[in-house]
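See below for the structure under consideration.
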Amino acid sequence: MMKKFLAVLLCGTMLAGTLCLAGCGGSDDKSDESAKTEDAGDEGSAEGGSNLEESKALLEEAIATLKTTDNQDMMAAGNPADVPEAVGTPEELEALEDTDVDKWHYMEYLDWDESEDAEFPASPADGQKGKHVILIVHGAHAWTTCYSEAFEAACEAVGMTCDVYDPNWDQSTQDGYVDQAINEQPDAIVLIPVSADHAAQQFKKINDAGIPAFCSNTLPEASAMNQIMAYTGPNDWAQMRKLASTLGEAIDGKGGVCYITHNVGTSPYYARTFGPMSTLASEYPDIKHLDVQSPGFEATAVKQVVSDWITKYGDELNAIVLADDSDQAIGAVEACKAAGRDDIVIVAAGISKQGAELIQSGDIKMASYQSCQADAGLAVRTVAEYFCGEKIARVSYLATDVIDADNVEEFLPCQW
């Protein structure tokens, strides 16, 4: 049975600009269905009235005061997309080897054909205050809990209400939530897709219903952008390529590398596996790519996989790339310690409390910085700006960094 997670009002105020992990209640107020227009980013009507002015003031205050747990700006502006020219058609690039950087162009850069964009609901340009948003996440995880709480807090700060649905990584359940959300006719739907290659169908259904559709956190396939008002979230490919470059330098451009993936089919699966793999192949051709496994996120399962690698590859195994710096990292570290292999360099996508502690102890070398709270904040900011009639970027990325022992203290306490 599908379970609906209804958020409730938990926090009435934001104290001294510090993030209050609050919930938001549902709302019976629904706006009339928006008229459609080809350009969702056009400036809206100036006749938003007092609600528009109040909305802009609330948004401005939230942007200026809301902070993440590690004292970063929670609702900072995103970074624009920088899309290089493709060297071939999608079909031509698909035929390339997995280790070829060019193969992943269309997935990495969301290089879609804007001439095929659907008509998008026009902004009412009357402000976000009083609007109701439904957030559909991908699945249960400590990261997701942190993101959802931050999303709720940001909505409350700008005067919106929200409900949060969690399908627990099941595609059919998420599809059911999409249908349920459409039937409830919210003012907007924000979706974190379970599967990148299924997202286009989901967003088309939302857009066809006349509801503004926003994609957050995980990248859809490029063609899905034809149905999406905007994508906001991490530039997962860029941050994993940066992490891989640093890893290659750390192991002197030699040795063998194994990869533990994210859930198969998700955009983090592709970015956190083939991003570092193709980067290492391009920049350090002497590095060998030994194996790729997808044991999930349980520490015990990851520990078994890494133990098997150590037995199979011996001294040939020099580094491990993880899609997660929490339970996956714990399992990998435990396997290396049990085998007496303190020479294996471990890096991960992060950063969690466990990951930070493992960096501090020296058990993992480094992790990418990805703020789940700023991820949520950027999504809410973009939705609010849309309701205020402002021009919004179709793709907007979070800032990223590589965290190691030298700078980990700057990102504490961790967000999850």
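The values are calculated or read from the model by the stated rules, or taken from the named source; none is laboratory data. This is a predicted model, so every value here is computed, not measured. All Cβ positions, glycine included, derive from the backbone under ideal geometry; neighbour counts span all protein chains shown. In case anyone asks, the SASA skips ligands and DNA or RNA and just uses the protein heavy atoms, side chains included. Shrake-Rupley method; radii C 1.70, N 1.55, O 1.52, S 1.80 Å.
Look at P212 and say whether it is buried (at least 23 other Cβ atoms within 10 Å of the Cβ), of a type outside the set (F, W, Y) and under 19 Å from I392 (Cα atoms).
Yes: the conditions hold for P212.
Name the pairs: first residue in the stretch 328-342 and free of Cβ contacts under 8 Å to residues at least 40 places away in the same chain and of a type in the set (G, A, S), second residue open to solvent by 60 Å² or more (accessible area, probe 1.4 Å) and part of a helix (DSSP H, G or I), Cβ to Cβ under 6 Å, at least 6 apart or on different chains?
From residues that are free of Cβ contacts under 8 Å to residues at least 40 places away in the same chain and of a type in the set (G, A, S), the pairs are G331/K303; A335/K303.
Can you work out which of the residues in the stretch 262-301 that are outside any loop (DSSP other than H, G, I, E, B), over 27 Å from A224 (Cβ atoms) and not small (G, A, S) is least open to solvent (accessible area, probe 1.4 Å)?
Taking the candidates together, the pick is L280.
Could you list, in sequence order, the residues of the stretch 53-81 that are free of Cβ contacts under 8 Å to residues at least 24 places away in the same chain and not aliphatic (A, V, I, L, M)?
The answer is E60, N71.
Answer yes or no as to whether L93 is closer than 28 Å to Y106 by Cα, surrounded by 14 or more Cβ atoms within 10 Å (Cβ to Cβ) and out of contact with any Cys (no Cβ under 8 Å at 6 or more places or on another chain).
Yes.
Could you check the stretch 375-403 and list, in sequence order, the residues that are in a helix (DSSP H, G or I) and open to solvent by 20 Å² or more (accessible area, probe 1.4 Å)?
Within the stretch 375-403, R381, E385 qualify.
Which of the residues belonging to the stretch 325-347 are outside any helix (DSSP H, G or I), open to solvent by less than 10 Å² (accessible area, probe 1.4 Å) and farther than 18 Å from G255 by Cα?
Within the stretch 325-347, D325, S326 qualify.
For the stretch 215-261, what are the residues that are farther than 18 Å from S282 by Cβ, small (G, A, S) and buried (at least 20 other Cβ atoms within 10 Å of the Cβ)?
Hits for the stretch 215-261 are S216, A224, A230, G233.
Which of the residues that make up the stretch 152-179 are β-branched (V, I, T) and part of a strand (DSSP E or B)?
T161, V164
Name the single residue that is farthest from F297 (Cα to Cα) among those in the stretch 120-161 being of a type in the set (S, T, Y) and more than 17 Å from the chain's Cα centre (by Cα).
Ranking the qualifying residues of the stretch 120-161, first place goes to S123.
For the stretch 55-92, name all the residues that are part of a helix (DSSP H, G or I) and either polar (S, T, N, Q) or in contact with a Pro (Cβ under 9 Å, 6 or more places away or on another chain) (or both).
S55, T65
Return the pair list, or none, for Cβ contacts closer than 9 Å from residues in the stretch 147-163 that are over 13 Å from Q415 (Cβ atoms) and of a type in the set (S, T, N, Q) to residues that are open to solvent by 10 Å² or more (accessible area, probe 1.4 Å) and part of a helix (DSSP H, G or I), at least 6 apart or on different chains.
That search, which allows pairs on different chains as well, returns nothing.
Which members of the stretch 93-117 meet the condition of being part of a loop (DSSP other than H, G, I, E, B) and either touching a strand residue (DSSP E or B) at 6+ places or on another chain (Cβ under 9 Å) or of a type in the set (D, E, K, R) (or both)?
Selection gives E97, D98, T99, D100, L110, D111, D113, D117.
Hey, S371 hits all of (1) among the hydroxyl-bearing types (S, T, Y); (2) at pLDDT below 95; (3) surrounded by fewer than 17 Cβ atoms within 10 Å (Cβ to Cβ) but one; which does it fall short on?
Every listed condition holds for S371 apart from (3).
Kindly evaluate I320 against the criterion of being of a type outside the set (S, T, Y) and at pLDDT 95 or above.
Judged against the criteria, I320 is a match.
Search the stretch 119-151 for residues being outside any loop (DSSP other than H, G, I, E, B) and among the hydroxyl-bearing types (S, T, Y), and hand back the single one that is most open to solvent (accessible area, probe 1.4 Å).
Selected residue: T145.
Residue-by-condition table, conditions (1) more than 20 Å from M107 (Cβ to Cβ); (2) out of contact with any strand residue (DSSP E or B) (no Cβ under 7 Å at 6 or more places or on another chain):
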{"position": "N168", "(1), (2)": "yes, yes"}
{"position": "T173", "(1), (2)": "yes, yes"}
{"position": "D187", "(1), (2)": "yes, no"}
{"position": "I192", "(1), (2)": "no, no"}
{"position": "K204", "(1), (2)": "no, yes"}
{"position": "S216", "(1), (2)": "no, no"}
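Is at least one residue of the stretch 177-188 under 26 Å from A348 (Cβ atoms), in contact with a Phe, Trp or Tyr (Cβ under 9 Å, 6 or more places away or on another chain) and surrounded by fewer than 23 Cβ atoms within 10 Å (Cβ to Cβ)?
No, every residue in the stretch 177-188 fails to be under 26 Å from A348 (Cβ atoms), in contact with a Phe, Trp or Tyr (Cβ under 9 Å, 6 or more places away or on another chain) and surrounded by fewer than 23 Cβ atoms within 10 Å (Cβ to Cβ).
Can you tell me which residue in the stretch 190-207 is surrounded by the most Cβ atoms within 10 Å (Cβ to Cβ), limited to those that are free of Cβ contacts under 8 Å to residues at least 40 places away in the same chain and more than 18 Å from the chain's Cα centre (by Cα)?
Among those that are free of Cβ contacts under 8 Å to residues at least 40 places away in the same chain and more than 18 Å from the chain's Cα centre (by Cα), it is I206.
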